[in-house]
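Inspection log for the structure reproduced underneath, given as structure tokens.
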Amino acid sequence: AFTNAGDASGDCIVKWDGSSLSSLGLGIPADAVFAIAIEPATGDVYVGGSFAAAGGVANTAYIAYWDISASVWKPLSTGLSSTVRSLAFAPNGDLYIGGAFTNADGANGNYICYWDGTAFNMLGDVELSGFVYDLTFDKNGILYVGGAFTDAGGDSDADYMAKWDKLRACSTVY
């Protein structure tokens, strides 16, 4: 939630080149970035937070990416409906997104979804009952989810922590 780091546009996110800070375009003014993930294949910088627009670019509400080759902010579809708290790239390159948003794919995708490069998608038939604060993948590609939910994919024992294994859908973590 910082402002003017490195230069006048260094708001909420900046880059370090080894000797100085500089902004990514016009930055993300007057809001907060909560999550950053680097796309392994391209090096593009994906960010999520409570911002209405990244660098003043349309359709970048709550989520956007910095295209390192073009040095511009770009949208993911039309953005999301509310705050993004966590981002994690899956081994297959999909970007998993957690936060306070609902209806990520237009009808479903409450609090968690993934971006396949062209669209937001619901995780199978899994919905969560509350916010997601953290996402991480283990070495086997299993997604672990932490947050303020008490039901994950219909499992009422999934309180605050669950794992997603595409082979077994969602299961409780004890």
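Couple of notes before you dig in:
- Residues of the range 29-51 satisfying the condition of being among the small types (Gly, Ala, Ser) and within 12 Å of the chain's Cα centre (by Cα): Ala35, Ala37, Gly48, Gly49, Ser50
- Selection status of Ala32, under 13 Å from Thr83 (Cβ atoms), small (Gly, Ala, Ser) and open to solvent by 10 Å² or more (accessible area, probe 1.4 Å): yes
- Condition check for Lys139 on (1) touching a residue at least 12 places away in the same chain (Cβ under 8 Å); (2) more than 27 Å from Lys15 (Cα to Cα): one failure, at (1).
Residues checked against (1) open to solvent by less than 40 Å² (accessible area, probe 1.4 Å); (2) at pLDDT below 95; (3) more than 22 Å from Asn92 (Cα to Cα); (4) assigned to a loop (DSSP other than H, G, I, E, B):
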| site | (1), (2), (3), (4) |
| --- | --- |
| Gly48 | yes, no, no, no |
| Phe51 | yes, yes, yes, yes |
| Gly56 | no, yes, yes, yes |
| Trp66 | yes, no, no, no |
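- Verdict on Gly79 being in contact (Cβ under 8 Å) with a residue 12 or more places away in the chain, open to solvent by less than 20 Å² (accessible area, probe 1.4 Å), in a loop (DSSP other than H, G, I, E, B) and under 24 Å from Thr136 (Cβ atoms): yes
- A count restricted to the range 91-120 and to residues that are touching a Leu at 6+ places or on another chain (Cβ under 7 Å) and in a loop (DSSP other than H, G, I, E, B) stands at 4.
- Number of residues in the range 10-29 that are closer than 22 Å to Thr83 by Cα and either of a type in the set (D, E, K, R) or assigned to a loop (DSSP other than H, G, I, E, B) (or both) equals 10.
The values are calculated or read from the model by the stated rules, or taken from the named source; none is laboratory data. All values reported here derive from a predicted model rather than from experimental measurement. With ideal geometry, Cβ positions are generated from the backbone for all residues, glycine too; neighbour counts draw on all protein chains shown. For the accessible areas, the whole protein counts, side chains as well, though only heavy atoms, and no ligand, DNA or RNA atoms are used. Shrake-Rupley method; radii C 1.70, N 1.55, O 1.52, S 1.80 Å.
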